[in-house]
Amino acid sequence: MNSTQSHVIAGISDECLSVYFRGKKEQHVNLFLFEGFETLDIFGPVEILGQIQTYTLHYYSLTGGIVANAQGVQVVTEPIEQANPYGILVIPGGMGTRRLVDDKEAIRIIGKIAVSAAFCLSICTGSAVLGKAGVLDGKQATSNKQALGWVKSIAKQVIWIEKARWVVDGKFYTSSGVSAGMDMTLGFIKDRFGEIKAQDIANHIEYIWNTDSTEDRFAEI
């Protein structure tokens, strides 16, 4: 176990913190963005998480300012160190993760926040970022199947599930590629608020929710 994983705040373990802040401070949703993130990776989950009235969504990057994604969409962000460390951390994937995993300062900060966060949700190759930070060591996780070889090379201590739409291990939710993030987020909502709430959201946005986390046809392509 590395220093990140064994992190303790004021003598309270990460597990106890997660339980304590569930329903108290998890309303802070910290969306971490970086140059080259994938559009649907983040805005699919945003559409879903934004349906929960007690959640407030905040956009962060390493230093704040305008961040442009893979499709040229510009988002105004705040510095990540201003984020509530006990909120829900959401990390998208995209080609920008190839550079992000080599940014030691970004990985250090992400790892620190991931440890204290009530929950961590990653979409696509966002799990490579969490893996590089060491917080997924010994845990089950998944990622975009087309990039899984690269993701595995980044974090060899993670138990990578090669066929899964999304995977849950404790407070960590990881999904396969792009649209799978919406299925995972609805699964997260189901776990927090019940299946009826999750399905109501899916119906509201007219989305056909893939409810089976183990069904992953893209693992065979």
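Here are a few things to note about the model shown:
- Annotation note: Cβ proximity below 9 Å between a residue of the range 27-39 that is under 16 Å from Glu78 (Cβ atoms) and a residue that is of a type in the set (S, T, N, Q) and open to solvent by 50 Å² or more (accessible area, probe 1.4 Å) (sequence gap 6+ or interchain) occurs for His28/Thr56; Val29/Thr56.
- Residue check, Gly93 open to solvent by 20 Å² or more (accessible area, probe 1.4 Å), under 16 Å from the mean Cα position of the chain (by Cα) and closer than 23 Å to Met182 by Cβ: no
- Applying the criterion of being closer than 14 Å to Leu33 by Cα and in contact with a strand residue (DSSP E or B) (Cβ under 6 Å, 6 or more places away or on another chain) to the residues of the range 124-144, the residue that is surrounded by the fewest Cβ atoms within 10 Å (Cβ to Cβ) is Leu130.
- When Asp183, Asp191 are checked against the criterion of being within 26 Å of Val73 (Cα to Cα) and touching a strand residue (DSSP E or B) at 6+ places or on another chain (Cβ under 8 Å), Asp183 stands alone in meeting it.
- Taken together, Glu47, Glu81 contain a single residue that is at pLDDT 95 or above, in a helix (DSSP H, G or I) and surrounded by fewer than 21 Cβ atoms within 10 Å (Cβ to Cβ), which is Glu47.
- Among (1) surrounded by 22 or more Cβ atoms within 10 Å (Cβ to Cβ); (2) more than 24 Å from Glu220 (Cβ to Cβ), the one test that Lys190 misses: (1)
- Residues in the range 116-136 that are in contact (Cβ under 8 Å) with a residue 60 or more places away in the chain and more than 19 Å from Asp102 (Cβ to Cβ): Ser116, Ala117, Ala118, Phe119, Leu121, Ile123.
- Filter result for Asp183 (under 22 Å from Val129 (Cα atoms), at pLDDT 95 or above and either touching a helix residue (DSSP H, G or I) at 6+ places or on another chain (Cβ under 9 Å) or assigned to a helix (DSSP H, G or I) (or both)): yes
- Among residues of the range 171-221, those that are in contact (Cβ under 8 Å) with a residue 60 or more places away in the chain, in contact with a Ser or Thr (Cβ under 9 Å, 6 or more places away or on another chain) and over 18 Å from Ile123 (Cβ atoms), counted: 0
- Only residues that are open to solvent by less than 20 Å² (accessible area, probe 1.4 Å) and of a type in the set (Ser, Thr, Tyr) were counted in the range 50-67, giving 3.
- Within the range 101-116, the set of residues being open to solvent by less than 10 Å² (accessible area, probe 1.4 Å) and not in a helix (DSSP H, G or I) comprises Val101 only.
- Output for the range 193-209, where each listed residue is surrounded by 13 or more Cβ atoms within 10 Å (Cβ to Cβ) and over 16 Å from Tyr55 (Cβ atoms): Glu195, Gln199, Ala202, Tyr207, Trp209
- Condition check for Leu89: in a helix (DSSP H, G or I) and aliphatic (A, V, I, L, M): no
- Filter result (among the β-branched types (Val, Ile, Thr), within 17 Å of Gly94 (Cα to Cα) and either within 12 Å of the chain's Cα centre (by Cα) or open to solvent by 10 Å² or more (accessible area, probe 1.4 Å) (or both)) within the range 145-167: Ile154
- Taken as a whole, the structure places Gly194 among residues that are more than 14 Å from the chain's Cα centre (by Cα) and within 25 Å of Gln27 (Cα to Cα).
The values are calculated or read from the model by the stated rules, or taken from the named source; none is laboratory data. In this text the structure is predicted, and so the values were computed from the model without any measurement. Positions of Cβ are backbone-derived with ideal geometry, glycine not excepted, and every protein chain shown enters the neighbour counts. Calculation scope for accessible area: heavy atoms of the full protein, side chains included, ligands and nucleic acids excluded. Shrake-Rupley method; radii C 1.70, N 1.55, O 1.52, S 1.80 Å.
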